[in-house]
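Notes follow the structure.
Derivation of every value follows stated rules applied to the coordinates shown; laboratory data play no part. Please read all numbers here as calculations on a predicted model, not as lab measurements. As a convention, Cβ positions derive from the backbone with ideal geometry for all residues, glycine included, and neighbour counts pool all protein chains shown.
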């Protein structure tokens, strides 16, 4: 295997591992193509720590060559030349865990560090661990995924009158980031769609992503129209949108940029739907942070959580300065607005920002959770993620290449999906009975999205996943999460389905830091987790008894 | 039916067509306002629900201020339970009448004017007496193992002669003679000499409390030194005692100039002196004021909120108190050293630290009964000045301070860190807070025991503890695990800043739109009880099989005045469901706005055509919409969004 060329030292004895929530332990460190394996060699314990290299965000090494100070150590120092030097590697993981390895021998230490650095950020998707992971209880023949536009369409009988399933994108030529099948108005033919696609950034023409059974209104999403500085028009685009609200007086467009940003986008060929050309559509602008700003926010927040100065003012000031909670608030309130338009005002809505692959997905997902009880079960939620994030073309590989600790220059990284999970957690806090899944699921997803044994979050789009054979050669995380034991663990024992919309409160006083994630490696949170686990078991027990 | 439930005295003052505004949403309700001697009651028109706020209401300076040409005269009322109500009264004259009546009623001159003296829950004298006997501090000291070979009960204060703000029964080291005690009391501010408040049997270490010594720059007192020596000698595990001065060093230094101060380590053998740095009552009052200003403003962005939270300093002060309690706990339980705690007068910070420390050390205080005992001991009997701090009579505003509220919040912060360690839920803390201010029960009236005896409170008023005990099942924490307490008798909380949270259910208890829309508390309690029934387990002796909480009507029938818990309801649109919700705190069965309208499902959709739909407002949509689009494409102002904004 080619990995071997990156591994100069595969085994080191007598390594000390320091890990949060555990006492330091001494043992053997082993490095493979995808993992760091530490086995405790101490009496009476056989702890093994298996760390996916992909999970490593940054490493810091410090070596001490004690021979350099031989003057001081002249008596004891020279006796063992090889162990006279040692090094420490600090490993910062994408799941926010920080580990430390004390490795005897400077050279070994540098070799290990070098291997980790190289192997943890190999670019080639098909060499990643999911392609090698073969658990005994899963088969590659199993169905991959839970949902598809085709199955969604066939289940939603109500759609069939006015909407059709188009396979205009069957070879990904119209829009590379869309799935092969999309749902569009019945009256719009594939030729028109092709023209609309040329008028939308990245070919992301407006498609249906949610149908509200209560009143037949829909959520569409797309990318920005390419009006440019000359205010170009596209008759087909206008036609398509008109077909969406056919029979209704108006629709809303929620633009996830400020109107100023939308204006500026025209200078670079983008733009927005002007009132004059789309007279039945009302645009609402809500500025949502994305890209670099969001990544920097995460970095600042994680830094604040690691601050050990024990000073309340400093903590609150850093928390504020990170802006993370502001972004949570904006995301939830924009999603609330979207749901409000559909559910309360009874109008269809088109959502987009610029590319339509980040904020748009964020708020359409949240709005569906708010309105649609089907999305709130464990299966329903995973299917929603599959439709709205994986099939809708959120570029996971680019967005989640690095997390909060990385020193490398940031490119396309942005924790949009993490922001989504945080928002869902806030919903879950406010409606502890209405969601069918547990906080553990959100934590699991937050880990898996950055480093996983499964192929689910690989690549940037459906097309790319097909090209490397993700669906044939890797296992599906969502299927794995629905195995009986996992399903039990990730279910909410208090779940009581409700048909009603769950409107979150977005007052700052109602939102909280997601301690379970951001502080998950602290003793107190671990303690709370244990307590919650016990409580959970109690509740399950009571539930069984009450039913019996 | 409405009339039936209205107390007779409501005829006193009645104003029709009053609008009640919700401060965090654009909702409003029309109704009639009644003012009685003890309550202000708002009854929504065409509805049979009444709401009332109690004696604790006070009117903010802005109340009654009328703006010209407006559609009515605003009346803003801020309650001590952090409820804020805004009325709009049609006629300016009516508004002023209510305003001035309230001002008069809220500033009673004598204790006899307080609600406790007229509150009559239809109990006979024997029941009342039994209620007062529920908590027995003598028995509590016995539980701790006192008196014992090192500690004894002294009768030196039997007639409140030595210290009039202490209780009659005090526990001191056996080697402390009367002359020593009397001598020491003369050297301590307000005569509050060192006495025992908690005894940690396992290590024979004592928690003692007192006020600051009158040491000035150089004064000393041999009796005081002997008393501290005696406290030290009473603990064979350690050769010294800690003296914890809970003030910041600077404050203690300043006190020296006034002939007060702190212990000089050179004069006392075997003490280790330590400042803790909790701020004084004035800083705490200002801090809460600041906090309330921040969270009361609308709309509040996340940044404003966090910046405001920081600059109010409130959580910093909460953390300081918990830090001090942890210091105390470690000294006693880990080192086995006795600790003497004081501040200036020894009735504010000292009460906070001693009680919170005891709560950390002793699982008993984390039970419902034990918590009552703790408050009775460290706060009521040792003379925390509830009357002054909670402004029961028309007193000095500089004496008012949220010291007890802080204590309750510290306990809440601990319950968040240790969900299984407490027998009671948050609702219990909120109820206690409510009644400390309601003056409906006699427990917290006055400033000290002597005063309470003079007022004959046991004969003339009822005890809160009996009432709370009778509703015990409403206050249970379903996650409480006695096994956990056995395994973790001493709690070791973390005071890293990020473990402290804003206590929304205290400071926004009545702001409906602020709360999570579902509470698991009730669901889980019900689930647990159902499962017990299945098992055939007879509930423990003290708690009867949990009956459904009494409905509003049931309660009202037994009283002339609306009973206290119901007075929590004064706000937001009211329907039957809403009333139930408030009775059970957050244990709502409803789901957000939607459920509120679920009796009238059509409205959700119908709402789209009117301002109704803007009930749930997601931020400043209107503003962005108007300003952003206006520049390029004028005159596209959505009335629906715009109008809603105008009205709020």
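Between the alpha-carbon centres of region B:243-312 and region A:284-356 there is a gap of 34 Å.
Taking the number of Cβ atoms within 10 Å of each Cβ as an exposure proxy, the fewest-first ranking of B:112, B:279, B:471 is B:112, B:471, B:279. Mean per-residue shielding of peptide B:520-527 is 4, counting Cβ atoms of other chains within 10 Å of each Cβ.
The C-alpha atoms of region A:149-513 occupy a region whose extents along the principal axes are 60, 47, 43 Å, arranged from largest to smallest.
Take the Cα of residue A:139, step 7 Å toward its Cβ, do the same at residue A:485, and the gap between the two points is 2.0 nm. Size descriptors for region A:141-220, from the alpha-carbon set: Rg then Dmax equal 13.1, 40 Å.
At a 10 angstrom cut-off on C-beta neighbours, averaged per residue, how do the peptides B:83-91, B:296-304 rank from highest to lowest? Don't skip to the answer; put the middle values down first.
Values: B:83-91: 19.3, B:296-304: 14.8.
Answer by packing, highest mean first, reads B:83-91, B:296-304.
Which of the peptides A:260-272, B:132-144 is most tightly packed, and how do the rest follow, judged by the mean count of other Cβ atoms within 10 Å per residue? Spell out each step's value before the answer.
Values: A:260-272: 17.7, B:132-144: 15.2.
Descending mean neighbour count gives A:260-272, B:132-144.
Binning the C-alpha pair distances of region A:191-269 at 10 Å intervals from 0 yields a P(r) profile of 17, 47, 31, 5, 0 %, listed from the shortest bin outward.
What list of whole percents do you get for P(r) of the protein assembly as shown, with Cα-Cα distances grouped in 10 Å bins up to the one holding the largest distance? Final binned percentages: 2, 9, 16, 19, 19, 16, 11, 6, 2, 0, 0. The simple spin-label model puts a point 7 Å past each Cα toward its Cβ; for residue A:117 and residue A:214 those points are separated by 5.6 nm.
Taking the 0 to 90 degree range and rounding to the nearest ten, how far is the long axis of helix A:523-547 tilted relative to the main principal axis of chain A, both from C-alpha atoms? That works out to roughly 60 degrees. By the Kirkwood approach, averaging reciprocal distances over each pair of separate Cα atoms, region A:391-468 gets a hydrodynamic radius of 13.8 Å. Could you calculate the FRET efficiency of residue A:235 with residue A:124 from 1/(1 + (r/R0)^6), where r is the beta carbon distance between them and R0 is 56 Å, rounded to 0.05? For R0 = 56 Å, the calculated efficiency reads 0.80.
For region A:102-260, what is the Kirkwood hydrodynamic radius in Å, using each pair of distinct C-alpha atoms? Evaluated on region A:102-260, it is 19.6 Å. With R₀ set to 22 Å, the beta-carbon distance separating residue B:534 from residue A:530 gives a calculated FRET efficiency near 0.20. Take every DSSP beta bridge whose two residues both sit in region A:149-513; close to 45 percent of them are antiparallel. Along its principal axes, region A:252-304 has C-alpha extents of 48, 23, 12 angstrom, given from the largest down.
Here B:282, A:352, B:96, A:507 are placed in order of increasing Cβ neighbour count within 10 Å, fewest first, which gives B:282, B:96, A:507, A:352.
Take every DSSP beta bridge whose two residues both sit in the protein assembly as shown; close to 75 percent of them are antiparallel.
Semi-axes of the equivalent ellipsoid of region B:423-505 are 31, 17, 14 Å, computed as sqrt(5λ) over the eigenvalues of the C-alpha gyration tensor in descending order.
Rg then Dmax, both in Å and based on the Cα atoms of region A:210-344: 19.3, 61. Here region B:362-494 has an Rg and Dmax of 15.6, 48 Å, counting Cα atoms alone.
Partner shielding of A:308-318 amounts to 6, given as the average count of beta-carbon atoms from other chains within 10 Å of each residue beta-carbon. Divide the volume of the convex hull around the Cα atoms of region A:413-548 by the residue count and you get 162 Å³ per residue. Three principal axis extents of region B:113-265 based on alpha-carbon atoms, in descending order, are 58, 40, 29 Å. Working note: Debye formula, equal point scatterers on the alpha-carbon atoms of region B:397-469, no solvent; log10 I(q)/I(0) at q = 0.28 Å⁻¹ is -1.26. The peptide list B:335-342, B:396-403, put in order of mean Cβ contacts within 10 Å with the highest first, becomes B:335-342, B:396-403.
Please give the average number of partner chain Cβ atoms lying within 10 Å of the Cβ of each residue in B:494-507, rounded to a whole number. Present the calculation step by step, with values, prior to reporting the outcome.
Working: counts 6, 3, 12, 12, 15, 7, 3, 3, 4, 1, 6, 0, 0, 1.
For peptide B:494-507, the averaged partner shielding equals 5.
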